[in-house]
Amino acid sequence: MKKLVREFEFTAEQLSAVRACAAALGITETTARLLYARGMTTEGKMRAFLNPSRSHFLSPFLMKGMREAKELLTQARDEEWRVALFGDYDADGIGALAVLSRAMRMFGIEPYLYVPERAEGYGMSVAALDKIFDEFLPDLIVTVDCGISNADEVEYAKEQGAYVIVTDHHELPDRLPDCITINPKLKDEYPYDNLCGAGVAFKLACALIGDKAFELVDFAALSTVADSVPLTDENRDIVAEGLKRIEKRPRPAFSALLGKTSEVTAQTLAFTIAPRINAAGRMGDAHAALALFTTENEEAISALAEKLNLYNGERQRACDELYAQAVEQIREEGAYGNVVMLAAENWNAGFVGIVAARIAEEFSRPALLFVRRGDMLRGSARSVESVNIFEALKACSEYIEEFGGHAQAAGVNVTAENFPRLKAALDEYIGAHHGREDFASKLYVAGEGEDHVRIAHELALLEPFGIGNRRPLFTLDVSRLDAAPVKPLSPHLSMSAGGLDFMYFNGAKELKFLRSDLKKTVVYEYNLSRFRGKEYLKGFVRAVLPAGGGDASPEAFENTLRALRGEPVAATATTEETDAFLVLARSECAYGLAAVCYDAHTLASFPSLAGVPVEVFRLASGNTENVVLYAPDEGCDLSAFRDVVFLDRPPALAVRTGRANVVVNGDLIGYGGLCRLSAAREDLLAVFAALRTGADRVTGATYAEAAKRCDGLGFSAEEFIFALAVFEELGLVSLEEGRLRVFRGKKTELTNSQTYNAVLRLQELQ
């Protein structure tokens with residue numbers, strides 16, 4: 001279950017400082033609280049944050065190795081050396097090559113550019129260096145976004161007669177290359193160590209050509225967003241300045257990728273341009289992306305942009321397929337350890353990082369996906385915010401052939417023999433250094449939304465949002481929501497509450513929960529957009545969570561009826577035995593247990609479940625933290641759990657349980673409502689007669705919704721829902737597009753209904 005976490009809690013003294021800053025700056029206390037919580041604890045810091053500027057940029061010469069690099073490049077220019085630039089195949093590496101190649105030309109050097117394809121592996125290699133020496137014979141090689149972990153390869157380049165300058169931003173290995181090295185993580189006077197590879201290249205450009213380097217800040221901005229580094233301090237200034245340039249004077253390459261996009265934000269760079277640049281590298285054609293950013297020919301730019309669009313479409317389809325295969329493995333193996341590690345021979349190495357990130361987010365734990373080639377597995381690791389995967393890999397390096405990266409992402413190579421050993425070691429290390437809370441799916445909220453228009457305008461000043469400066473989330477407590485698809489069969493919903501219109505993308509699966517009378521908390525972000533001179537404000541829903549209280553009995557009853565269909569299931573335990581099993585399962589692990597019930601009163605019989613979060617109808621995330629699932633929908637998937645315990649015996653298991661250990665309580669706890677139903681022919685005929693005369697009053701997407709809207713036509717909700725389910729199975733009625741149709745004159749027997757027969761069986765067991 002996703003947990004709501006307050007983004008800030010202040011002492012009285014801090015709150016006084018917040019209010020003073022808010023008054024001085026003329027902003028709401030809400031905005032001032034957000035800024036204070038994010039490290040802007042003075043009026044001056046808040047003002048600087050709200051007004052990002054190139055004037056805040058640090059001197060590049062504070063960075064270790066910068067003066068030496070400029071001196072060597074000056075010598076290379078003056079003596080007409082042959083200079084090669086060596087980059088990486090992702091959006092950061094491509095952006096860094098674009099920045100530094102253009103800066104060098106302005107400086108007076110015409111560089112040779114080399115970007116490896118993904119199949120060659122990350123970073124410098126002897127094979128790649130041999131290609132460069134065969135084709136170009138450089139006197140100097142400068143790396144961007146790589147090289148810090150290539151001490152041996154640097155020595156090889158030097159043996160071939162070339163000087164080397166390494167510019168990189170990745171975590172420092174135990175052994176550094178013996179050459180001029182620029183990396184903000186080195187101990188020096190430079191106070192900010194979170195630049196991306198293109199950010200470092202941009203600082204070198206500033207050292208070489210001064211203010212002219214700001215003509216290249218748009219490339220650095222794109223890479224900064226694409227590489228998921230924190231959008232704080234100098235990164236914030238880089239992105240803000242880059243967005244200004246793109247907005248005012250977009251390069252043909254950016255315009256070609258943006259298409260008809262009217263408003264350019266950090267999110268635009270992250271979700272429109274960056275994926276297309278990365279797609280080229282993932283499809284084995286990084287040169288296409290590099291060519292797009294280094295050519296000025298508009299005809300070529302158009303053709304290259306179209307190629308990248310096609311690559312991105314292929315990438316999306318391939319990633320969806322790989323994700324489905326990965327999830328199937330998780331269903332087989334479970335996801336209740338401290339790490340998810342998967343491998344397959346047929347996966348594309350270019351996509352495993354994307355899917356690993358998706359798995360990590362969904363299951364709230366580090367994920368590593370590998371492609372097996374013979375006895376070697378090459379993979380990508382992605383982590384959750386609270387777990388430094390680089391440090392974890394470093395601690396388990398005895399089982400690793402090669403690795404590199406940073407806190408949230410890394411590349412890893414391991415032998416087939418050591419694969420299970422690495423998995424066990426990572427699981428043990430992460431478990432020893434991180435607690436349950438580190439794996440919880442968290443939503444950080446700023447509080448309840450108010451004064452919507454003003455807050456939305458102030459939050460726009462906090463752009464660009466991203467890592468380290470997350471988009472603020474707000475909450476709204478509601479009961480029933482009149483949510484509806486934006487158009488027929490659309491997965492997206494629209495709704496209104498609390499004086500604000502909402503959009504809930506892919507929220508259709510939550511319709512039953514949204515329309516129930518259960519109390520719930522809507523978690524949302526403000527979205528302020530402009531189109532043709534008009535301003536539009538909406539709340540974009542991020543999650544809707546049970547708040548406790550309220551009534552979901554009609555919806556729960558409907559789901560219980562659906563669970564009746566199919567062959568009866570044999571009981572495996574009594575209530576007492578079930579409770580004892582729950583005690584043991586909870587004591588062993590905080591993950592992997594799902595307890596399922598179909599009646600709200602059932603939980604009272606199981607004191608062992610006190611404190612376990614309760615979710616309604618469906619799971620809010622893929623996280624396998626111990627959970628109680630009440631009245632699950634038919635499509636619920638519990639196959640990633642280790643143990644699935646049915647607290648009240650369903651005559652049929654209507655949820656997917658995979659290879660989980662399934663415990664079924666044989667006592668009929670929670671089925672009193674079903675057992676009290678009248679299955680008498682005359683009683684069902686009375687409901688049918690009411691349906692025939694009152695069909696125009698029966699509207700809704702579900703039986704439960706229809707029952708509430710027509711007050712059951714004078715019958716209880718349970719009687720109405722039961723009868724409607726039976727009649728629909730018999731072909732006597734249909735609930736289509738929200739309206740009831742009654743078919744007259746059709747003869748049939750009640751025993752032709754699965755639901756009717758299941759209720760009879762259940763009542764016979766009483």
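The values are calculated or read from the model by the stated rules, or taken from the named source; none is laboratory data. Values in this document were obtained by computation on a predicted structure and should not be read as measured data. No Cβ is skipped: glycine too gets one built from the backbone with ideal geometry, and neighbour counts run over all protein chains shown.
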For Leu765, only one of the following conditions fails: (1) crowded, with 21+ Cβ neighbours inside 10 Å; (2) at pLDDT below 90. What is its number?
(1)
Select from region 68-91 the residues that are charged (D, E, K, R) and modelled with pLDDT of 95 or more and write down the one among them that is surrounded by the most Cβ atoms within 10 Å (Cβ to Cβ).
Lys70
Just checking, does region 718-739 include any residue being among the hydroxyl-bearing types (Ser, Thr, Tyr) and closer than 16 Å to Leu561 by Cβ?
no
Which number in (1) over 29 Å from the mean Cα position of the chain (by Cα); (2) farther than 21 Å from Asp145 by Cα; (3) among the charged types (D, E, K, R) marks the one condition that Lys64 misses?
(2)
Is it true that some residue in region 52-63 is exposed (fewer than 15 other Cβ atoms within 10 Å of the Cβ), farther than 28 Å from Ala547 by Cβ and without any contact (Cβ under 8 Å) to a residue 40 or more places away in the chain?
yes
Among the listed residues Ala483, Ala446, Ala456, identify the single one that is touching a Pro at 6+ places or on another chain (Cβ under 6 Å), buried (at least 17 other Cβ atoms within 10 Å of the Cβ) and not assigned by TED's automatic domain parsing to the domain that holds Phe363.
Ala446
Condition (residue is in contact with a helix residue (DSSP H, G or I) (Cβ under 9 Å, 6 or more places away or on another chain), basic (Lys, Arg) and closer than 24 Å to Glu718 by Cα) applied to region 613-620: is it met by at least one residue?
yes
Would you confirm, using the coordinates I've provided, whether Gly93 is small (Gly, Ala, Ser) and part of a helix (DSSP H, G or I)?
yes
Tell me yes or no: at least one residue of region 639-652 is touching a Leu at 6+ places or on another chain (Cβ under 6 Å), of a type in the set (D, E, K, R), assigned by TED's automatic domain parsing to the domain that holds Leu564 and surrounded by 20 or more Cβ atoms within 10 Å (Cβ to Cβ).
yes
Taking Glu401, is it acidic (Asp, Glu), modelled with pLDDT under 95, in the same structural domain as Ala432 (by TED's automatic domain parsing) and under 18 Å from the mean Cα position of the chain (by Cα)?
no
Looking at region 135-154, is at least one residue within 20 Å of Ala280 (Cβ to Cβ), among the aliphatic types (A, V, I, L, M) and touching a residue at least 12 places away in the same chain (Cβ under 8 Å)?
yes
For region 466-501, what are the residues that are in contact with a helix residue (DSSP H, G or I) (Cβ under 9 Å, 6 or more places away or on another chain), among the basic types (Lys, Arg) and closer than 23 Å to Ala456 by Cβ?
Arg471
Quick one: count up the residues across region 384-421 that are part of a helix (DSSP H, G or I) and free of Cβ contacts under 8 Å to residues at least 60 places away in the same chain.
11
Among the residues in region 726-737, are any modelled with pLDDT under 90, of a type outside the set (A, V, I, L, M, F, W, C) and not assigned by TED's automatic domain parsing to the domain that holds Thr602?
yes
Answer with yes or no whether Asp427 is part of a helix (DSSP H, G or I), surrounded by 14 or more Cβ atoms within 10 Å (Cβ to Cβ) and either free of Cβ contacts under 8 Å to residues at least 60 places away in the same chain or outside the structural domain of Val339 (by TED's automatic domain parsing) (or both).
no
Apart from one, (1) farther than 19 Å from Glu234 by Cα; (2) touching a helix residue (DSSP H, G or I) at 6+ places or on another chain (Cβ under 6 Å); (3) not basic (Lys, Arg) all hold for Glu79; the odd one out is (2)
Residue in region 309-316 that is at pLDDT below 95, buried (at least 21 other Cβ atoms within 10 Å of the Cβ) and part of a helix (DSSP H, G or I) present
yes
Criterion: touching an Asp or Glu at 6+ places or on another chain (Cβ under 8 Å), under 29 Å from Lys187 (Cα atoms) and part of a helix (DSSP H, G or I) - qualifying residue of Met104, Met46
Met104
Every listed condition ((1) at pLDDT below 95; (2) touching a strand residue (DSSP E or B) at 6+ places or on another chain (Cβ under 8 Å)) holds for Gly431 save (2)
With the condition kept exactly as written, say whether any residue in region 3-12 is within 30 Å of Leu619 (Cα to Cα), at pLDDT below 95, among the acidic types (Asp, Glu) and surrounded by 14 or more Cβ atoms within 10 Å (Cβ to Cβ).
yes
Taking the condition of being outside any loop (DSSP other than H, G, I, E, B) and either farther than 29 Å from Glu117 by Cα or within 19 Å of the chain's Cα centre (by Cα) (or both), how many residues in region 327-349 meet it?
9
One residue is enough: does region 372-380 have a residue meeting the conditions in contact with a Lys or Arg (Cβ under 6 Å, 6 or more places away or on another chain), crowded, with 24+ Cβ neighbours inside 10 Å, touching a residue at least 12 places away in the same chain (Cβ under 8 Å) and within 18 Å of His170 (Cβ to Cβ)?
no
Which number in (1) over 20 Å from the mean Cα position of the chain (by Cα); (2) surrounded by fewer than 15 Cβ atoms within 10 Å (Cβ to Cβ) marks the one condition that Ala324 misses?
(1)
Would you mind stating whether Glu159 is assigned by TED's automatic domain parsing to the domain that holds Asn278 and without any contact (Cβ under 8 Å) to a residue 12 or more places away in the chain?
yes
For residues that are assigned to a helix (DSSP H, G or I) and either within 19 Å of Gly712 (Cβ to Cβ) or at pLDDT below 85 (or both), tally how many sit in region 738-755.
1
How about region 68-81: which of its residues are part of a helix (DSSP H, G or I) and free of Cβ contacts under 8 Å to residues at least 40 places away in the same chain?
Glu71, Thr74, Gln75, Arg77, Asp78
Being closer than 30 Å to Leu231 by Cα and over 24 Å from the mean Cα position of the chain (by Cα) is the requirement here; does Leu461 meet it?
yes
Limited to region 105-128, what total is found for residues that are farther than 27 Å from Ala349 by Cα and surrounded by 15 or more Cβ atoms within 10 Å (Cβ to Cβ)?
5
Restricting the search to region 650-686, which residues are within 14 Å of Gln763 (Cβ to Cβ) and of a type outside the set (Ser, Thr, Tyr)?
Pro651, Leu668, Gly672, Gly673, Leu674, Cys675, Arg676, Leu677, Ala679, Ala680, Asp683
